[in-house]
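Visitor: Below you'll find the structure I mean.
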Amino acid sequence: QVRLSESGGGLVQAGGSLKLSCAASGLTENDYAMAWFRQAPGKEREFVAGISWTNTEYYADSVKGRFTIARDNAKNPVSLQMNSLKPEDTALYYCAGRRYNINYDPKSYNYWGQGTQVTVSS
């Protein structure tokens, strides 16, 4: 059974940086796409960044140039470096996994972590 767990969230001032990590267990194959989604109160869950099984990177326009996704190792398959944070980046951030390719629809992901809170103060 695949389990994902995020860490690294916190409170930061606008312009600051945070790095989120996703720990995984049960990922026995190396053909997973990993993504980060976020959900702010009262809003739908939205795609932030993703990396396909062939290591192609994808970013939402709102974070392009500020966030960087990276594939690490089997136990920590993906991280998200977030720079130049803005108050509108405040949300609960989730790590998600599915086979092969990135999809922007959260319903297409099989595996989810519990989320880590990111709060950016102005």
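Visitor: Would you confirm, using the coordinates I've provided, whether Glu44 is under 20 Å from Ile102 (Cα atoms) and either touching a His at 6+ places or on another chain (Cβ under 7 Å) or surrounded by 15 or more Cβ atoms within 10 Å (Cβ to Cβ) (or both)?
Guide: no
Visitor: From Thr56, Thr90, grab the single residue that is under 21 Å from Ser121 (Cβ atoms) and touching a residue at least 24 places away in the same chain (Cβ under 8 Å). Break it down stepwise before answering.
Guide: Working: Thr56 fails: under 21 Å from Ser121 (Cβ atoms).
Exactly one of Thr56, Thr90 is under 21 Å from Ser121 (Cβ atoms) and touching a residue at least 24 places away in the same chain (Cβ under 8 Å), namely Thr90.
Visitor: Which condition from (1) touching a Ser or Thr at 6+ places or on another chain (Cβ under 8 Å); (2) within 21 Å of Gln114 (Cα to Cα); (3) open to solvent by 50 Å² or more (accessible area, probe 1.4 Å); (4) modelled with pLDDT of 95 or more is the one that Ser84 breaks?
Guide: (2)
Visitor: Give just the number: which of (1) farther than 18 Å from Gly113 by Cα; (2) assigned to a strand (DSSP E or B) does Lys19 not satisfy?
Guide: (1)
Visitor: Restricting to the range 12-41, what's the tally of residues that are open to solvent by 80 Å² or more (accessible area, probe 1.4 Å) and more than 22 Å from Ser121 (Cβ to Cβ)? Talk me through it step by step, then tell me what you get.
Guide: We begin by selecting, within the range 12-41, every residue open to solvent by 80 Å² or more (accessible area, probe 1.4 Å); these are 13, 19, 28-30, 41.
Filter again for more than 22 Å from Ser121 (Cβ to Cβ), leaving 28-30.
Looking only at that region, the number is 3.
Visitor: Right, something else. All but one of (1) open to solvent by 60 Å² or more (accessible area, probe 1.4 Å); (2) out of contact with any helix residue (DSSP H, G or I) (no Cβ under 9 Å at 6 or more places or on another chain) hold for Gly9; state the number of the condition that does not hold.
Guide: (1)
Visitor: Please name all residue pairs, on different chains or six or more residues apart, with Cβ atoms under 6 Å, provided the first residue is in the range 103-122 and is part of a loop (DSSP other than H, G, I, E, B) and the second residue is open to solvent by less than 70 Å² (accessible area, probe 1.4 Å) and aliphatic (A, V, I, L, M).
Guide: From residues that are part of a loop (DSSP other than H, G, I, E, B), the pairs are Tyr109/Ala96; Gly113/Leu4; Gly115/Leu92; Ser122/Ala14.
Visitor: Let me ask you something else. For Leu4, state whether it is over 23 Å from Asp105 (Cβ atoms), of a type outside the set (Val, Ile, Thr) and touching a residue at least 60 places away in the same chain (Cβ under 8 Å).
Guide: no
The values are calculated or read from the model by the stated rules, or taken from the named source; none is laboratory data. Because the structure is predicted, anything quoted here is derived from the model rather than measured. Backbone-built Cβ (ideal geometry, glycine too); neighbour counts: all protein chains shown. Keep in mind that these areas ignore ligands, DNA and RNA; they rest on the heavy atoms of the full protein, side chains included. Shrake-Rupley method; radii C 1.70, N 1.55, O 1.52, S 1.80 Å.
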